[in-house]
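Engineer: Got a structure for you, questions after.
Throughout, read-outs are computed from the coordinates displayed, never taken from laboratory work. The model shown is predicted, which means the values in this text are computed figures rather than measured ones. Note: ideal-geometry Cβ built from the backbone for every residue, glycine included; neighbour counts use all protein chains shown.
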Amino acid sequence: MADQETKSDAGAAGILPPGSRTETSFQKPLAFVAADQRIAVFLDGAPIAESTDVIIVHEKGHKPMLYFPRGDVAMDRASPMAQTTHCPRKGDAAYFEFAGSDGRAVAWSYEDPIPQATVLKDYVAFYPDNLEFNRES
């Protein structure tokens, strides 16, 4: 247990091994854990992402979110949106709609994350609404 705490305190941008216990707090609001399984995302039955290198992001006050490497996302079906937001824990988010999403934001990424969240650079997360997620062990 002490080794686990040392790993997570060693740097906010480190990715913890699969199944790691995570506790977020005001002082440590983010934890990054390797999913260690193949996860696919579908929009209207069509795959828009599939990866074995997914990161589960645990953030204080939020449900865990899955982040996919950009190279495993069908970015050729994505269009950037004008919408942006700022998260004090991760940085400025850019949003994307996908073909078939009827102009709705389906995904977001942190193109230039703040230092505590650099692990998220080149990763994309998806809103779970109206999408199907398929997990394989």
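Engineer: Show me the ranking of peptides 100-109, 126-135, 47-56 by mean Cβ neighbours inside 10 Å, starting with the highest.
Structural biologist: 47-56, 100-109, 126-135
Engineer: Continuing with the same structure: Could I have the simple spin-label model distance between ALA99 and SER20, label points 7 Å from Cα toward Cβ, reported in nm to one decimal?
Structural biologist: The answer from the label model is 3.8 nm.
Engineer: What nm distance separates the two modelled labels at LYS63 and ASP112, each placed 7 Å from Cα along Cα→Cβ?
Structural biologist: Each label point is offset 7 Å from its Cα along the Cβ direction, giving 3.2 nm.
Engineer: Could I ask something else about it? Just subtract the alpha-carbon distance of ALA74 and HIS86 from 0.36 nm times their residue separation and send over the number in nm, one decimal.
Structural biologist: 1.9 nm
Engineer: Based on the Cβ-Cβ distance from LYS121 to LYS28, what FRET efficiency comes out when R0 is 25 Å, to the nearest 0.05?
Structural biologist: Numbers: r = 20 Å, r/R0 = 0.80.
Using R0 = 25 Å, I get an efficiency of 0.80.
Engineer: Which ordering of LYS60, LYS90 is given by a fewest-first count of other beta-carbon atoms within 10 Å?
Structural biologist: Details: LYS60 14, LYS90 20.
Going from least to most buried by this count: LYS60, LYS90.
Engineer: Could you count how many Lys pairs in the chain have their Cα atoms under 16 Å apart, skipping same-chain pairs fewer than 8 positions apart?
Structural biologist: 7
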